[in-house]
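The values are calculated or read from the model by the stated rules, or taken from the named source; none is laboratory data. Source: prediction; values computed, not measured. Note that we place each Cβ from the backbone using ideal geometry, even for glycine, and neighbour counts take in every protein chain shown.
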Amino acid sequence: MPTFDSILVTGNQTINQDLQVNGNETIGLDLQVNGDQTVAGSLQINDSSSITNHLGVGGVIEAGDSVKATTQLMAMNQPTLPAALPLVKQLLYYNPGVLNQPGLVLTGTSGNKYVLFIDESGGTPNLAIQRV
């Protein structure tokens, strides 16, 4: 396999198999990967990137607009519970109304899209959901 210190692509780039980056990767225009993509460091996308299969990033993914997944977007580390006891709070539901509400967009079992976000308007953070 060829090894390069740096590669400059001034147009679009299509990779028909896997792409592995051992450091950081910055995408200025379009990148299409028809296999898997693994980045050991950070991934920054300034325009768009399309990956057919798996994307593995050891560091941070930065996207100027949004990160979309057709099935699941997962955090692979297991959460650690805080030492304090949890307070019983409710899930707040808001009717549609705020366009482009920031948050995590998920598709419900009926096919409707919902956005999850944290509502701190009452002073205590609550998990909130709104239909998009």
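Tabulated results
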read-out	value
Residue match in the range 22-38 (condition: touching a His at 6+ places or on another chain (Cβ under 6 Å) and over 19 Å from GLY64 (Cα atoms))	yes
Criterion (without any contact (Cβ under 8 Å) to a residue 24 or more places away in the chain, in contact with a Leu (Cβ under 7 Å, 6 or more places away or on another chain) and surrounded by 10 or more Cβ atoms within 10 Å (Cβ to Cβ)) met by exactly one of ASN12, ASN53, ASN46	ASN12
Sole residue being more than 30 Å from THR107 (Cα to Cα) and either in contact with a Phe, Trp or Tyr (Cβ under 9 Å, 6 or more places away or on another chain) or not assigned by TED's automatic domain parsing to the domain that holds PRO102 (or both), chosen from GLN32, GLN20	GLN20
Subset of the range 15-32 (residues that are out of contact with any Gly (no Cβ under 9 Å at 6 or more places or on another chain) and touching a residue at least 24 places away in the same chain (Cβ under 8 Å))	none
Single residue of the range 19-34 satisfying the filter (among the polar types (S, T, N, Q) and in a loop (DSSP other than H, G, I, E, B)) that is nearest to the chain's Cα centre (by Cα)	ASN24
Filter result (among the polar types (S, T, N, Q) and either outside any loop (DSSP other than H, G, I, E, B) or in contact with an Asp or Glu (Cβ under 8 Å, 6 or more places away or on another chain) (or both)) within the range 1-18	ASN12, GLN13, THR14
Residue within the range 85-104 that is outside the structural domain of SER50 (by TED's automatic domain parsing), outside any loop (DSSP other than H, G, I, E, B) and either under 28 Å from ASN53 (Cα atoms) or touching a residue at least 60 places away in the same chain (Cβ under 8 Å) (or both) present	yes
Criterion violated by GLU62 - all others in (1) in a strand (DSSP E or B); (2) at pLDDT below 80; (3) under 23 Å from THR107 (Cβ atoms); (4) not hydrophobic (A, V, I, L, M, F, W, C) satisfied	(3)
